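Every number in this text was worked out from the coordinates using simple rules, so none of it is lab data. Computed from a predicted model, the values in this text were never measured in an experiment. Here the Cβ is made from the backbone with ideal geometry for all residues, glycine too, and neighbour counts use every protein chain on show.
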Amino acid sequence: MDADNHVNLLSLRDIYKIYTIGGQEVHALDGVCLEVNVGEFVAIMGPSGSGKSTLMNMIGCLDVPTSGTYKIDGVEVSTLDGDALAAIRNRKIGFVFQGFNLIARTSALENVELPLMYGQQGDRKAAATAALVRVGLGDRLDHTSSELSGGQQQRVAIARAIVSKPRLILADEPTGNISTLQSEEIMQIFQQLNDDGVTIVMVTHEEDIARHCKRRVDMRDGKVVGDGPVKDRLMAGDVIEQLKRPLVAEPAAVPAGV
Ligand code: ADP
Ligand code: MG
């Protein structure tokens, strides 16, 4: 096993997130504890409203908890202000959302260059090109969103997430609304990134998608109610091969008398 697998990347202790709406308290997160080491690939599952997106917002430093402590890479972030949180986000985390969030009428290349605020223009272009090649879109650099399929748009979004070489990728329902084959292609990219050492935490409501991960965390009513290794892990490459295999039809019976 890779030595890095023993290094703690995320440590959430007793995280509460309480929203007050019309005088009523909603416990979106109700005492969540979660430890994630470098190199893990975690699926977060649970019914709608169980707190999955709220948890992802905490992990991604997009929101702060009502109480509890959260360390990322050993740094306590639950007390940081907005600017400090943004700095951690930009340095360490790549986000992939269900809705892609690409900028319309803008090329794949420009969308992927966007997070690269510093450096020479030529270097930014080279990095964005490399990221798009990595997700299999080297021949689509100049296409705009409307010229790409849903699966391809999601791959652009992944390229944008990895262009600044984050250690952590957070994905919220990244295979929602795309076909089975396209979903497998997305999971293949995630599995390759994870093999290269990128830690991934992914929300999904699909059992088959969760089986591509290495660990599964189940949530209910703002609490973690299950946490363990994925059994019978699926490798996207194998599934894609099966999906692409032509159906071998039984030879048609020859009608009598022909
Ligand atoms: P999931 O992603 O699992 O569907 P969420 O994390 O979106 O669940 O929501 C968990 C609970 O917190 C739900 O009851 C939801 O209505 C509530 N909630 C989420 N965000 C807010 C918010 N900004 N204001 C008030 N309540 C919220
Ligand atoms: Mg959600």
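Quick notes
- Couplings 3J(HN,Hα) for segment 128-134, derived from phi with the Karplus relation 6.51 cos²θ - 1.76 cosθ + 1.60 (θ = phi - 60°), are 5, 4, 4, 5, 5, 4, 4 Hz, where x marks Gly and Pro.
- Each label was represented as a point 7 Å from its Cα along the Cα-to-Cβ direction; for Gln120 and Arg245 these points are 5.0 nm apart.
- Residue-span extension gain [Val75 to Lys223] - 0.36 nm each, minus C-alpha spacing: 50.9 nm
- Remark: segment 198-206, residue by residue, has Karplus-estimated 3J(HN,Hα) of 6, 7, 10, 10, 9, 8, 8, 10, 9 Hz, where x stands for each Gly or Pro and the curve is 6.51 cos²θ - 1.76 cosθ + 1.60 at θ = phi - 60°.
- Dipole magnitude of the chain, debye to nearest 20 (Cβ charges: Lys/Arg +1, Asp/Glu -1, about Cα centre): 280 debye
- In this simple spin-label model, placing a label point 7 Å from the Cα along the Cα-to-Cβ direction at both His143 and Ser48 gives a separation of 3.1 nm.
- Residue among Asn111, Met219, Asn8 farthest towards the positive dipole end of the chain, charges placed on Cβ: Asn111
- Backbone N within segment 47-70 under 15 Å of label point (7 Å from Asp14 Cα along the Cβ vector): 65-70
- Anisotropy class of segment 136-258 from Cα gyration tensor, a/c 1.5 cut: oblate
- Translational D in µm²/s for segment 3-244 (Stokes-Einstein at 20 °C, 1.002 mPa s, Kirkwood Rh from C-alpha pairs): 116 µm²/s
- Set of aspartates and glutamates near Lys244 by C-alpha distance (under 15 Å), chain-local residues within fewer than 8 positions excluded: Glu184, Glu185
- Between Ala86 and Glu25, the distance separating the two model label sites (each 7 Å from Cα on the Cα→Cβ line) works out to 3.2 nm.
- Cα-based equivalent ellipsoid of segment 17-107: semi-axis lengths in Å, sorted from largest, via gyration tensor: 23, 19, 16
- 5 angstrom amide H check on Gly94, placed H, neighbours 5+ away: Leu168, Ile169, Leu170
- Comparing Cα centroids, segment 158-215 and segment 77-103 end up 17 angstrom apart.
- Listed by chain and number, the lysines whose C-alpha is less than 30 Å from the C-alpha of Lys125, apart from same-chain residues fewer than 8 away, are Lys92, Lys165.
- Calculated [θ] (222 nm, deg cm²/dmol) that DSSP helices of n ≥ 4 give over the chain, each run adding -39,500 (n - 2.57): -9500 deg cm²/dmol
- Listed by chain and number, the lysines whose alpha-carbon sits under 23 Å from that of Lys223, ignoring those within fewer than 8 places in the same chain, are Lys17, Lys52, Lys71, Lys214, Lys231.
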